[in-house]
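Enquirer: Quick one: this structure, given as structure tokens, is what I'll be asking you about.
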Amino acid sequence: MVNHPTEFQLHLFHEGALFKSHDLFGAHVINDGGTLYTRFCVWAPHASEVRLAGDFNGWNGEGFPFEKVNKEGVWIFYADGDMTGSLYKYEIITSSGEKKLKADPYAFFSELRPNTASVVQPLSGYKWNDKAWMRKRAKKVPVEEPAAIYEVHLGSWKKAEDGSFLTYRQAADELVPYVLENGYTHIELLPMTEHPLDASWGYQSTGYFSVTSRYGTPHDFMYLVDQCHQNGIGVILDWVPGHFCKDAHGLYCFDGGYAYEYKTEKDRENLVWGTANFDLTQTEVLSFLVSSAIFWLETYHIDGFRVDAVANIIYWPNSEKEVNPHGLAFLKKLNSAVAAFCPNILMIAEDSTDWPNVTKAPADGGLGFTYKWNMGWMNDILKYMETDPNQRRHHHNKVTFSLMYAFSENFVLPFSHDEVVHGKKSLLDKMPGDYWQKFAQLRLLLGYQIGHPGKKLTFMGTELGQFSEWKDKEQVDWHLGEYDMHAKLNLFVKELNKLYKKSKPLFQLDSSPEGFEWIDPNNHHQSVFSFIRRGFNEEELLVIVCNFTWQAYSGYRIGVPAPERYREILNSDAREFGGSGVINKKTITAEKEPFHGKPFSIQMNIPPYGISILRPVKKRKGINANAKEENGSDASRGRPGEQAKFIDKRTG
């Protein structure tokens with residue numbers, strides 16, 4: 001029989017090195033010289049017998065026995081004809097004689113929940129139209145590019161008129177133009193692997209090769225990714241290689257023994273999530289997991305993964321930070337394999353630990369990720385923002401501390417779904433103060449996120465300023481766009497993302513100390529921070545000033561590095577964004593007065609709860625090319641050195 005497993009394939013699989021094991025395992029329709037048949041292959045090392053059961057035989061596997069290929073437990077069955085669309089499970093007889101009906105671990109498609117059968121589903125035939133994107137992606141150096149990531153739970157981003165889920169194709173037609181309009185560079189989807197329970201959001205999976213059928217077919221999902229790429233938007237998937245759900249049809253006790261999970265209860269049972277931990281000492285499990293990643297990259301043209309719960313892999317489960325060398329080896333193997341198969345893919349570690357060198361290459365002693373979520377920055381800045389503004393001066397280091405380690409890894413700055421559920425409040429509602437102050441501080445927070453070194457991620461709804469937490473059974477509060485302050489916040493987010501993408505100092509040197517320089521990190525009395533961001537061209541810089549209190553200042557002096565004229569290119573307090581209008585309308589000329597350790601200085605208006613971004617005025621052939629002045633504040637300018645001229649009446 002053609003396409004029978006080769007000895008080399010089996011050797012690699014059992015060695016943990018068959019990184020396209022999905023080409024062997026699962027259900028495959030094969031054309032043998034014009035004769036069609038369907039091959040089923042499964043790894044069940046503890047089974048005494050395996051049979052094929054499905055809608056074609058009344059779910060009775062008698063008469064459909066698998067052949068055991070080797071002593072390590074690979075089983076195979078050949079069925080006559082093209083069985084595309086057939087529902088099936090593996091009828092496994094355990095060593096004790098118990099009969100189990102199990103979904104195919106390598107199935108490419110699954111029945112719509114609550115049904116649990118696998119579906120014979122060839123994936124060929126979709127015509128991709130993203131060649132330009134794929135060519136461009138292969139040439140990029142991700143850490144030198146902008147990344148403004150829009151995190152999405154597809155089931156609750158938007159609902160159909162009847163309250164049902166949008167399909168993948170409907171989502172493509174609505175989500176893609178929305179993301180484009182709001183200026184994001186990537187979408188990150190909560191897990192798309194098949195899962196039985198909506199409320200798990202995909203983090204407790206049963207199908208690591210099966211795109212969830214909730215929203216359509218594999219070709220429908222390809223269409224969504226394709227449309228993203230044709231519009232210049234990257235697609236990142238949340239992916240969970242650490243643990244899996246224990247539903248009866250899934251991987252748990254797959255063949256009557258512990259094939260996919262650890263053998264000892266202490267290591268096997270994930271007490272936090274009620275799931276089972278993958279056995280990362282088992283070489284066949286390594287082939288399975290690495291193949292899953294390669295499968296999504298090659299089959300669906302995915303641009304990267306946010307790898308969930310990395311701490312659960314680095315350390316032994318349920319331990320007090322006892323390092324798991326098998327987990328470390330798995331992560332290095334995973335990232336090395338992905339880099340070899342698909343260069344420039346984004347591998348993002350959701351890692352809450354202080355493990356070093358997460359984003360260094362395995363050859364240099366690292367784990368090989370492209371980025372690591374900066375959980376420390378996220379926790380510190382949110383605690384700071386939730387502090388009474390009058391007390392923030394006592395917590396100044398919550399803002400400055402992140403710059404002590406900002407360049408130790410390649411970081412993503414996340415405001416994810418985890419921060420706006422389970423009683424934590426929405427980002428807007430975390431902000432203290434009255435209605436106006438909440439919006440002002442959220443604009444400041446999002447502006448500071450853009451200014452701080454690291455790539456950016458925000459969860460859906462943030463761009464509208466939702467007051468309520470994320471409700472996974474309801475859609476985003478789209479009606480908020482009809483309200484003035486929410487609409488103005490959304491305009492600010494659009495302008496912020498636009499500025500971010502076109503300003504090289506905000507992304508080119510995110511992971512290098514040469515890209516950041518404090519002007520004044522020490523003004524805890526006024527809670528004002530000022531710093532410089534630079535790109536590859538050292539002369540191309542931005543001056544950023546953040547004021548984390550309600551008091552506005554006129555004639556506030558800060559040091560600058562060069563005798564330039566500076567123009568304010570974004571101010572979160574502009575009236576068009578819902579602010580009080582304390583902006584810098586005219587260009588500001590640097591004076592030869594040393595300040596903050598710099599040879600020159602400028603005086604400017606500092607908005608309440610605001611961020612101001614300035615850049616030197618470019619000159620071409622002796623002519624000021626950026627001399628156009630924008631409409632702005634009519635705030636008075638104070639005497640030189642005066643720093644507390646006025647307080648906006650609405651914030652006092």
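The values are calculated or read from the model by the stated rules, or taken from the named source; none is laboratory data. Everything numeric in this text was worked out from a predicted model, so none of it was measured. Here the Cβ positions follow ideal geometry from the backbone for every residue, glycine too, while neighbour counts run over all protein chains shown.
Enquirer: With the requirement that a residue be among the β-branched types (Val, Ile, Thr) and either assigned to a strand (DSSP E or B) or in contact with a helix residue (DSSP H, G or I) (Cβ under 8 Å, 6 or more places away or on another chain) (or both), what does the range 75-106 give you? Before the answer, list the steps.
Expert: Initially, the range 75-106 is screened for residues among the β-branched types (Val, Ile, Thr), giving 76, 84, 92-94.
Hits for the range 75-106 are ILE76, ILE92, ILE93, THR94.
Enquirer: When you go through ALA17, ALA103 one by one, which is the residue that is within 29 Å of TYR300 (Cβ to Cβ) and either out of contact with any Leu (no Cβ under 9 Å at 6 or more places or on another chain) or buried (at least 19 other Cβ atoms within 10 Å of the Cβ) (or both)? Working first, answer last.
Expert: On the way: ALA17 fails: either out of contact with any Leu (no Cβ under 9 Å at 6 or more places or on another chain) or buried (at least 19 other Cβ atoms within 10 Å of the Cβ) (or both).
Residue meeting the stated conditions: ALA103.
Enquirer: Continuing with this model, one more query. What pairs come up if the first residue lies in the range 22-51 and is modelled with pLDDT under 95, the second is hydrophobic (A, V, I, L, M, F, W, C), and their beta carbons are under 6 Å apart, counting only those six or more places apart or on different chains?
Expert: ASP32/VAL2
Enquirer: Out of all the residues in the range 228-277, which are without any contact (Cβ under 8 Å) to a residue 40 or more places away in the chain, buried (at least 23 other Cβ atoms within 10 Å of the Cβ) and either part of a loop (DSSP other than H, G, I, E, B) or not small (Gly, Ala, Ser) (or both)?
Expert: Correct list: GLU261 only.
Enquirer: Any residue at all in the range 144-167 that is modelled with pLDDT of 95 or more, in contact with a strand residue (DSSP E or B) (Cβ under 8 Å, 6 or more places away or on another chain) and of a type in the set (Phe, Trp, Tyr)?
Expert: Yes.
Enquirer: Has the range 488-508 got any residue that is in contact (Cβ under 8 Å) with a residue 40 or more places away in the chain, among the hydrophobic types (A, V, I, L, M, F, W, C) and closer than 18 Å to SER402 by Cβ?
Expert: Scanning the range 488-508 turns up at least one residue that is in contact (Cβ under 8 Å) with a residue 40 or more places away in the chain, among the hydrophobic types (A, V, I, L, M, F, W, C) and closer than 18 Å to SER402 by Cβ.
Enquirer: Check the range 528-548 and report whether any residue there is more than 28 Å from GLY454 (Cβ to Cβ) and either in a loop (DSSP other than H, G, I, E, B) or over 33 Å from the mean Cα position of the chain (by Cα) (or both).
Expert: no
Residue-by-condition table, conditions (1) closer than 27 Å to MET347 by Cα; (2) at pLDDT below 95; (3) assigned by TED's automatic domain parsing to the domain that holds TYR37; (4) not in a helix (DSSP H, G or I):
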residue: PHE108; (1), (2), (3), (4): yes, no, yes, yes
residue: ASN115; (1), (2), (3), (4): no, no, yes, yes
residue: TRP128; (1), (2), (3), (4): yes, no, no, yes
residue: ALA132; (1), (2), (3), (4): yes, no, no, no
residue: ARG135; (1), (2), (3), (4): yes, no, no, no
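Enquirer: Have a look at GLU469, GLU495 and point out the one that is surrounded by fewer than 19 Cβ atoms within 10 Å (Cβ to Cβ), modelled with pLDDT of 95 or more, in a helix (DSSP H, G or I) and of a type outside the set (Lys, Arg).
Expert: After applying the criteria, what remains is GLU495.
Enquirer: Step by step: first the residues of the range 564-586, then only those that are assigned to a loop (DSSP other than H, G, I, E, B) and within 30 Å of the chain's Cα centre (by Cα), then the one that is farthest from PHE600 (Cα to Cα). Which residue is that?
Expert: So, considering only residues that are assigned to a loop (DSSP other than H, G, I, E, B) and within 30 Å of the chain's Cα centre (by Cα), the one farthest from PHE600 (Cα to Cα) is GLY578.
Enquirer: Among residues belonging to the range 137-153 that are in a loop (DSSP other than H, G, I, E, B) and touching a Phe, Trp or Tyr at 6+ places or on another chain (Cβ under 7 Å), point out the one that is surrounded by the fewest Cβ atoms within 10 Å (Cβ to Cβ).
Expert: Step by step, filter the range 137-153, then rank; the result is GLU145.
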